[in-house]
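The values are calculated or read from the model by the stated rules, or taken from the named source; none is laboratory data. As the structure is a prediction and not an experimental result, all values here were calculated from the model. Using ideal geometry, Cβ is built from the backbone for each residue, glycine included, and neighbour counts are taken over all protein chains shown. Accessible surface is based on the protein model in full, side chains and every heavy atom, while ligands, DNA and RNA are left aside. Shrake-Rupley method; radii C 1.70, N 1.55, O 1.52, S 1.80 Å.
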Amino acid sequence: KLAVEFPSEDIFLVTASPVIKAVTNFKQVSKTLEEFDVEEQPSSLLTKQYPNIKVIQSGVKQLKSDECKVITEDGREYTYEKLCLCAGAKPKLIFEGNPYVLGIRDTDSAKAFQKNLAQAERIVVVGNGGIALELVYEIHGCEVIWAIKDKAIGNTFFDAGAAEFLIPKLTAEKQESPIECKRTKYTTEGSEEKERPVVASGNLGSALGPDWHEGLQLEGAKELSHKVHIEILCEVRKIYLQQEFIHLQQTSVTFPNEEGIVEPDDALWPVYVELTNGKIYGCNFIVSATGVVPNVEPFLDGNNFAIGEDGGLQVDKRMRTSLPDVYAAGDICTASWEPSPMWHQMRLWTQARQMGWYAAKCMAADALGESVDMDFSFELFAHVTKFFNYKVVLLGKYNAQGLGSDHELMLRCTKGQEYVKVVMQNGRMMGAVLIGETDLEETFENLILNQMDLSAYGEDLLNPDIDIEDYFD
């Protein structure tokens, strides 16, 4: 966006990764809903398309905002007129520095995970967001103990009803051929053979796109298909290595059988997880999929940034941080303006793309002394993704975020086919969760945006015999 706005200016993209993430197959589904694929490409493709962009492959060592300088890890200095920080977020690991705890957030960590999984007979997955959901669904041939701190799976995205709707998919035999994935991928494969420069383990790759598990062989060592056991309302209390566990003289338990009965486990495992519900499970390794924290560290030293409650760099409605000429977008920032009643920030690919585009627009307007209107994408929270092979659309306050107890829910559910939930307040639609091919997203988006009083329709709003799209066309 900047390259288009300023065709004669030099635009530097500083990145620690040898590849860049590109948005492809972009499709505007409705006014606010966007569908796209995230693809890794060699940076040369970007520079070919926009000759005024220069890609600098190096991590950032320091930001000297008072001198308008960025110092990279290879010791070079770059002076900027305007700077936008888009360094994303890093995985929140449950325990730092334990070789058996893997965090998954980018393509490099997904590769490491695949290597470990090939020999694994049992793994413990901790976390309840999008990556944990997808991971547990995709793994075969390996016992999975899934520890979640909530009552139901996918708490970031769903309520317990939607979780119930999805759970049968975890135990159902998967179709042999997965639905074709539209994404072609460019990874760092080629460079691996030629002694790939070792990326310091602290260096983060780019965040995974929504179909990151496509093309990875997520097969464990055991000859069995889906075996998932969910431990609810618990967290990890402690992790023991094999020797520590032997000294403890405690008993660990086996994978629960059909009736949910666990026996003492005689096998010796490389690592043991003690959960807050008192159970101890041995496993080959632990996947920490417990969300992310904004990656602000490299920029804080010597700079007086205002930091949001969630640890991100605070930005105003023009994506400006508290420092002059420094902007931020995506997972690293915290939206600190008064948001529209139907929008909230969530660290997702869709928002990262919108914020990046809008930040460039604001940078251009500020440079030219023009005013800029808030982008329409911040009017309504709208996200479309896939879980367990179902299309999932989230709109507005889909989980009644911030509405207190003053709201009601309406549901429609056809087992194995669709799940529709709307959040109503004072007769107006505030949010919706649509799972399956419901074709209701555009109608519901309009009803949320125009805040029409729907009290007259009562339960008929979700009556499958009434064609609601035609009604509100």
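The table below lists the values:
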{"read-out": "Qualifying residue in the stretch 137-144 (condition: touching a Cys at 6+ places or on another chain (Cβ under 9 Å), part of a strand (DSSP E or B) and open to solvent by 10 Å² or more (accessible area, probe 1.4 Å))", "value": "yes"}
{"read-out": "Complete set of residues in the stretch 24-65 that are among the charged types (D, E, K, R) and either in contact (Cβ under 8 Å) with a residue 40 or more places away in the chain or part of a strand (DSSP E or B) (or both)", "value": "Lys27, Lys31, Glu34, Glu35, Asp37, Glu39, Glu40, Lys54, Lys61, Lys64"}
{"read-out": "All positions within the stretch 340-393 that are basic (Lys, Arg) and closer than 26 Å to Pro324 by Cα", "value": "Arg347, Arg353, Lys361"}
{"read-out": "Near pairs, Cβ below 9 angstrom, 6+ apart or cross-chain, from the stretch 452-465 (open to solvent by 90 Å² or more (accessible area, probe 1.4 Å)) to any residue that is polar (S, T, N, Q)", "value": "Pro464/Thr414"}
{"read-out": "So Ala132, is it under 30 Å from Ala163 (Cα atoms) and free of Cβ contacts under 8 Å to residues at least 60 places away in the same chain", "value": "no"}
{"read-out": "Some residue of the stretch 421-428 being farther than 16 Å from Tyr457 by Cα and of a type in the set (Gly, Ala, Ser)", "value": "no"}
{"read-out": "Selection within the stretch 238-267 - in contact (Cβ under 8 Å) with a residue 24 or more places away in the chain and small (Gly, Ala, Ser)", "value": "Ser252"}
{"read-out": "Residue check, Glu34 closer than 27 Å to Phe376 by Cα, in the same structural domain as Tyr358 (by the TED database), at pLDDT below 95 and acidic (Asp, Glu)", "value": "yes"}
{"read-out": "All positions within the stretch 1-23 that are in a loop (DSSP other than H, G, I, E, B) and open to solvent by 70 Å² or more (accessible area, probe 1.4 Å)", "value": "Lys1, Pro7, Ser8, Glu9, Asp10"}
{"read-out": "Yes/no for Phe157 being within 15 Å of the chain's Cα centre (by Cα), open to solvent by less than 20 Å² (accessible area, probe 1.4 Å) and farther than 30 Å from Phe12 by Cβ", "value": "yes"}
{"read-out": "Residue in the stretch 121-129 that is surrounded by fewer than 21 Cβ atoms within 10 Å (Cβ to Cβ) and either under 10 Å from Val287 (Cα atoms) or of a type in the set (A, V, I, L, M, F, W, C) (or both) present", "value": "no"}
{"read-out": "The stretch 325-382 - residue that is open to solvent by 10 Å² or more (accessible area, probe 1.4 Å), assigned to a strand (DSSP E or B) and hydrophobic (A, V, I, L, M, F, W, C) and, of those, nearest to Lys27 (Cα to Cα)", "value": "Ala382"}
{"read-out": "Top-ranked residue of the stretch 78-98 - restricted to ones that are part of a strand (DSSP E or B) and open to solvent by less than 80 Å² (accessible area, probe 1.4 Å), ranked as farthest from Val287 (Cα to Cα)", "value": "Tyr78"}
{"read-out": "Answer residue from the stretch 53-68, given it is open to solvent by less than 50 Å² (accessible area, probe 1.4 Å) and not small (Gly, Ala, Ser) and is farthest from Pro298 (Cα to Cα) among those", "value": "Ile53"}
{"read-out": "Lone unmet requirement of (1) in a helix (DSSP H, G or I); (2) open to solvent by 50 Å² or more (accessible area, probe 1.4 Å) for Asp74", "value": "(1)"}
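So that you can scan it fast, the table gives a plain yes or no per residue for (1) farther than 30 Å from Tyr419 by Cα; (2) over 15 Å from the mean Cα position of the chain (by Cα); (3) assigned by the TED database to the domain that holds Asp316; (4) free of Cβ contacts under 8 Å to residues at least 12 places away in the same chain:
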residue: Asp331; (1), (2), (3), (4): no, no, yes, no
residue: Thr334; (1), (2), (3), (4): yes, yes, yes, no
residue: Trp337; (1), (2), (3), (4): yes, yes, yes, no
residue: Ser340; (1), (2), (3), (4): no, yes, yes, no
residue: Ala367; (1), (2), (3), (4): yes, yes, yes, no
residue: Asp373; (1), (2), (3), (4): yes, yes, yes, yes
residue: Phe388; (1), (2), (3), (4): no, yes, no, no
residue: Leu395; (1), (2), (3), (4): no, yes, no, no
